[in-house]
Amino acid sequence: MRYLKFYKPYGVLTQFTDPAGRLTLKAFIPVHSVYPVGRLDRDSEGLLLLTDDGQLHARLIDPKFGHKRTYWVQVEGIPTPQALQQLQEGVVIQGRKTRPAEVRVLAEEPDLPPRDPPIRFRRSIPTTWLELTLREGRNRQVRRMTAAVGTPTLRLVRVGLGPLSLAGLAPGQWQDLSEAELARLRHCCFGQSRRPRLGRELQHPF
């Protein structure tokens, strides 16, 4: 079994092929038969886990287990206390309320590599960085949540997935999980450090 973490750059599709010829994971990851756990939108950046372990994959993406996904989000404007409370309690997007989230305002801009292309700067409109932790992974959820409270997302970087983080990676880099990272991930998914005996390999593309 293989377990990789990857720092997905902006503009890269979370798949290995694209009929339109856009940039995909294939340009960065030469490992065969691993598949992304969940997705990051093309215009989002950050942590992506890839594996051929079907049981672990299924456990991480099943919303009933509520594994954490942590994002640093640059939003347009300054969120009001009411907006932050809405994000924490859940907002209605696409006719369904999101689960409660953990939200905090970052005191300083996080130490991230510059985005290519950069965010359009407008002197007259301030921006704010939030740390937002979700326990579900709906389509474009973070962007829809921040837009719903009046602070559209400008830049979105996933920095955590369960116990995993971006630590040690630059955009476009990948590495196998360390033994310690894998043990923490298995414990997060299965409540034990040893992998369940009934695991299966993924055999189909995403």
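The set of residues from the range 158-183 being open to solvent by 50 Å² or more (accessible area, probe 1.4 Å), at pLDDT 95 or above and of a type in the set (A, V, I, L, M) comprises just one member, ALA180.
Residue-by-condition table, conditions (1) of a type in the set (Ser, Thr, Tyr); (2) farther than 16 Å from VAL157 by Cα:
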residue: PRO100; (1), (2): no, yes
residue: ASP111; (1), (2): no, no
residue: PRO118; (1), (2): no, no
residue: THR127; (1), (2): yes, no
residue: ASN139; (1), (2): no, no
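Taking each residue of the range 1-25 that is modelled with pLDDT of 95 or more and looking for partners that are loosely packed, with under 14 Cβ neighbours inside 10 Å and part of a strand (DSSP E or B) with beta-carbon atoms closer than 6 Å, six or more apart or interchain, yields LEU4/ASP176.
Under the condition of being in contact (Cβ under 8 Å) with a residue 40 or more places away in the chain and acidic (Asp, Glu), the residues counted in the range 160-193 number 2.
Answer yes or no as to whether THR133 is modelled with pLDDT of 95 or more, under 21 Å from ARG42 (Cα atoms) and open to solvent by less than 50 Å² (accessible area, probe 1.4 Å). First the steps, then the outcome.
Numbers: modelled with pLDDT of 95 or more: yes; under 21 Å from ARG42 (Cα atoms): yes; open to solvent by less than 50 Å² (accessible area, probe 1.4 Å): yes.
In short, yes.
Of the strands (runs of 3 or more DSSP E) lying entirely inside the range 31-128, the ones with 1 or more residues being closer than 20 Å to GLN141 by Cβ and open to solvent by 20 Å² or more (accessible area, probe 1.4 Å) are found at 69-76, 102-105.
The values are calculated or read from the model by the stated rules, or taken from the named source; none is laboratory data. Remember, it's a predicted structure, so these values are computed and weren't measured experimentally. Note that we place each Cβ from the backbone using ideal geometry, even for glycine, and neighbour counts take in every protein chain shown. Note: areas computed on protein heavy atoms with side chains; ligands, DNA, RNA excluded. Shrake-Rupley method; radii C 1.70, N 1.55, O 1.52, S 1.80 Å.
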